[in-house]
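Colleague: So that we are looking at the same thing, I have put the structure below in structure tokens.
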Amino acid sequence: MNGEAASGNYVASGYSVYEEENEHLQEGLRAKVSALKSLSIDIGTEVKYQNKMLDEMDSDFDSTGGLLGATIGRVKKLSRGSQTKLLCYMLLFCLFVFFVLYWFIKLR
């Protein structure tokens, strides 16, 4: 009986070693899973923020496109008249102002 008890303890102690190793591996896996969960939540938050920014940019570009379309329409209307010289001066003035502003911003 002593032999059986000794082998039973050996089996039980071997089982507890495996059990401890499994628990240790489970803790490592839990830590990795929680890190991945946190990372995926952060990625989801960032994606929502980026989509919101893209929607706002799309709206801004649409309004700018409408403004530019109206301005081009006015320029075309002016060009149909007899005031083409005035139109050329106006366009040159606009280009001049644009380049002065660009230069001013570049120096800042």
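Colleague: Hey, any idea what % of region 44-94's accessible area is carbon plus sulfur with a 1.4 Å probe?
Modeller: Ligands and nucleic acids excluded, carbon and sulfur reach 65 percent.
Colleague: Need the list of lysines near K52 for cross-linking: C-alpha distance under 26 angstrom, and skip anything on the same chain fewer than eight residues off.
Modeller: K37
Colleague: Summarise the long-distance tail of P(r) for region 16-108 by giving the % of C-alpha pairs beyond 24 Å.
Modeller: 64
Colleague: Of the trypsin sites (Lys or Arg not before Pro) in region 21-77, which ones lie in a loop per DSSP and count no more than 15 other C-beta atoms within 10 Å?
Modeller: none
The values are calculated or read from the model by the stated rules, or taken from the named source; none is laboratory data. Everything numeric here is computed off the predicted structure, so don't read it as measured data. Ideal geometry is used to build each Cβ from the backbone, glycine not excepted, and the neighbour counts take in all protein chains shown. The area values use the complete protein model at the heavy-atom level, side chains included, leaving out ligands, DNA and RNA. Shrake-Rupley method; radii C 1.70, N 1.55, O 1.52, S 1.80 Å.
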